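What follows draws every value from the coordinates through simple rules; no lab data is involved. What you see is a predicted model; the values in this text were computed from it and never measured. When we count neighbours, we look across all protein chains shown, and the Cβ atoms used for this are built from the backbone with ideal geometry, even at glycine.
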Amino acid sequence: MSKTALITGASSGIGAEIAKILSSEGFKVILTARRENKLRSLADSLCGESRIVVCDLSLPEECERLYNELKNEKISVLVNNAGFGSLGKFTEIPLETELKMIDTNIKAVHILTKLFLKDFVKADRGYILNVASSAGLMPGGPMMAAYYATKSYVVSLTGAIYEELRSSGSNVHISALCPGPVDTEFNSVAGCEFSVGPISARECAETGVSGLFEKKLIIVPGKTIRLSEAAARLTPRKLALAVAGKIQHSKIK
Ligand SMILES: NC(=O)c1ccc[n+]([C@@H]2O[C@H](COP(=O)([O-])OP(=O)(O)OC[C@H]3O[C@@H](n4cnc5c(N)ncnc54)[C@H](OP(=O)(O)O)[C@@H]3O)[C@@H](O)[C@H]2O)c1
């Protein structure tokens, strides 16, 4: 298998750590995000081969440009990681912010998965890691309604594609990484603080990469979040929503 990986949202946090791990495993890494200086300094710090492509993934035409620029790179690992959240009441978060979130967290993941997966299936090889969130495994997230909904979309899409690939005997694999709190720039972008202690971006990235190559469907890093996700599944929907609402309120700065 050719060893080239494309990582979106590689300018900070989980994406940057995934890029470092894949680079250390011998992959040529292609790093994309909007902040060129951050991508450049990450690329300069890596020992292996790398390339940067500056791209605003909230624009569908930019997602297509990214694919067209890279389709001959023989990419075998796609990490759809770019994304952001926003804390606040549904009636108070600006519609524009939520539509940009839907474009970045949903549309970009959908477009890139569709375009690269077709090539992966044709070649009968490749891995896709969609960075969702434990939020995507919950019935909803009061005070972060749109963010939780975007991540549910990613979990649902990934699960369906996983089964289509599995049942057709394909060698292509797709996983959803579903972390709880991770110490990155996420909070400063979302305007919140953590209610429980975060894991490091490195730990999250390591669990994500190993889970992907172990061909897991859902990867939940950290014992605490695995336990609370299992508990939420056994909890009646309205109670789970009330608990989620309390947790989100405690994130207000
Ligand atoms: N941190 C957490 O607690 C947590 C928990 C669960 C899931 N997640 C998910 O993990 C993923 C990575 O987030 P993170 O925690 O590592 O946060 P982060 O440090 O803020 O990183 C987000 C990355 O996404 C990129 N990005 C955002 N909007 C973009 C756009 N329009 N076009 C291209 N790139 C864009 C950012 O790059 P530029 O700003 O340079 O464009 C940055 O590289 C996200 O999908 C997030 O929802 C995070």
Treating only the Cα positions of the range 1-84 as identical point scatterers, give the base-10 log of I(q)/I(0) from the Debye formula at each q in 0.13, 0.16, 0.27 Å⁻¹. -0.34, -0.52, -1.47
Cross-link reach list, lysines versus residue 38, counting only Cα pairs under 26 Å and skipping chain neighbours closer than eight places: 3, 20, 28, 71, 74, 100, 107, 151
Global size of the chain as Cα Rg and Dmax, reported in angstrom: 17.4, 50
Specify the residue with the greatest mean-square fluctuation among 199, 18, 106, computed from a Gaussian network of the chain linking alpha-carbon atoms under 10 Å apart. 199
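Which whole-number percent gives the relative contact order of the chain, counting Cα pairs below 8 Å spaced six or more residues apart? Before the final figure, lay out each step's value.
Numbers: 491 pairs, mean separation 48.5, N = 253.
So the answer I get is 19 percent.
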With -39,500 (n - 2.57) per DSSP H segment of 4 or more residues and division by the full residue count of the chain, the 222 nm estimate, nearest 500 deg cm²/dmol, is -15000 deg cm²/dmol
Go through 30, 54, 13 and say which Cα lies farthest out towards the positive end of the charge dipole of the range 1-148; charges sit on Cβ, +1 for Lys and Arg, -1 for Asp and Glu. 30
Could you identify which residue out of 159, 136, 126 has the top mean-square fluctuation in a GNM of the chain using Cα springs shorter than 10 Å? 159
Pairwise centroid distance, computed over Cα atoms, of the range 173-235 with the range 15-55, Å: 22
Can you find, among 196, 105, 70, the residue farthest towards the positive end of the dipole of the chain? Put +1 on the C-beta of Lys and Arg, -1 on that of Asp and Glu. 196
Under 19 Å from the Cα of residue 238, which lysines turn up, not counting those fewer than eight places away in the same chain? 89, 246
Rg over Rh, two decimals, the range 77-186 (C-alpha only, Kirkwood Rh): 1.01
Rounded to the nearest whole number, the Stokes-Einstein translational diffusion coefficient of the range 54-133 at 25 °C and 0.890 mPa s (Kirkwood radius, C-alpha pairs) in µm²/s is 180
Along each principal axis, Cα extent of the range 101-148, largest first, Å: 43, 19, 12
With only Lys, Arg, Asp and Glu charged, each at its Cβ (+1 for the first two, -1 for the last two), find how big the charge dipole of the range 4-249 is about the Cα centre; round to the nearest 20 debye. 540
Which residue, 161, 14, 219, tops the fluctuation ranking in a GNM of the chain built on C-alpha contacts under 10 Å? 161
